[in-house]
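Student: Below you will find the structure I want to go over with you.
The values are calculated or read from the model by the stated rules, or taken from the named source; none is laboratory data. All values reported here derive from a predicted model rather than from experimental measurement. Cβ sites come from the backbone with ideal geometry, for glycine too, and all protein chains shown count toward neighbours.
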Amino acid sequence: MSLKADLVFFSKREYSGIRIGWAQEDPTLTWAGLFSHRKDFTRSGNPDLAFGLLPKGGKVLMAATGNVPGEHLEAVEILKAERTPYSEESYLRLVSKGSGIPFSRAKQERISSPILLATVARTETLRKIFGAYESWLYAWDFLLLGLIGDSAPWLSVMKELATQREIDVPRHLIEDNAYLMITAQEHGAYVISNKLSRDMIQGVCEKICRERGFELVVKDQQR
């Protein structure tokens, strides 16, 4: 039986609390997702997708959060070794106390958690970061911004998007960059763009699948 990955083009405008409230005003907006549901594919496929969709000379601004001990420190060491610009910040994360109790009914408290922001220029560096973290495989989605210009104007925006439970994506973030990419645990990733055509996204996904011996299945999904 052949291995398959799905490229899905959506009409939806929200994922995991991240919303595109102005989507109806921009007919050029594309929301797509590449999914294999296999973490071995996704670990390398997501970085390859991020850089495959960039214009020549572009970089990726990554916002990474997590809660597995040691993964953040390992990622920092990778970035230092790769001489990749980064910043470490913290944010207050809401957690429930007590096991086996539904989140809505459990006693809750806020704890300080790290967030790593890095401007990555090489696919291999991003692959190493995806290898260092485990949290994104089950809960803590990474956000990746395909930069056309400097990363400085977008650092605070990306931190806010990565750390808020529900938030609207500013229109200028999409208009001034190549794409916004949101990982979807071990399943794959979403791409939001008004610069990338359907054919461009499909072409990159076909290459990623071909290199891994996967068949790409293209779908349209209305939500």
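Student: Considering only residues of segment 115-129 that are assigned to a helix (DSSP H, G or I) and hydroxyl-bearing (S, T, Y), which is nearest to L54 (Cα to Cα)?
Tutor: Here the answer is T123.
Student: Let me confirm something: among T42, T28, which residue is among the polar types (S, T, N, Q), modelled with pLDDT of 80 or more and not in a helix (DSSP H, G or I)?
Tutor: Selected residue: T28, the only one of T42, T28 that is among the polar types (S, T, N, Q), modelled with pLDDT of 80 or more and not in a helix (DSSP H, G or I).
Student: While we're here: Can you tell me which residues in segment 52-87 are part of a loop (DSSP other than H, G, I, E, B) and in contact (Cβ under 8 Å) with a residue 60 or more places away in the chain?
Tutor: L53, L54, P55, G58, G66, N67, V68, P85
Student: Identify, please: which residue in segment 57-103 is β-branched (V, I, T) and within 20 Å of the chain's Cα centre (by Cα) and is, among those, modelled with the lowest pLDDT?
Tutor: Among those residues, the one meeting the criterion is V68.
Student: So, in segment 158-208, how many residues would count as being of a type in the set (V, I, T) and either closer than 23 Å to P27 by Cβ or touching a Pro at 6+ places or on another chain (Cβ under 6 Å) (or both)?
Tutor: Of the residues in that region, 7 qualify.
Student: Out of L126, L117, L144, L137, which single residue is closer than 15 Å to S44 by Cα, touching a Lys or Arg at 6+ places or on another chain (Cβ under 8 Å) and of a type outside the set (G, A, S)?
Tutor: That would be L137, the only listed residue that is closer than 15 Å to S44 by Cα, touching a Lys or Arg at 6+ places or on another chain (Cβ under 8 Å) and of a type outside the set (G, A, S).
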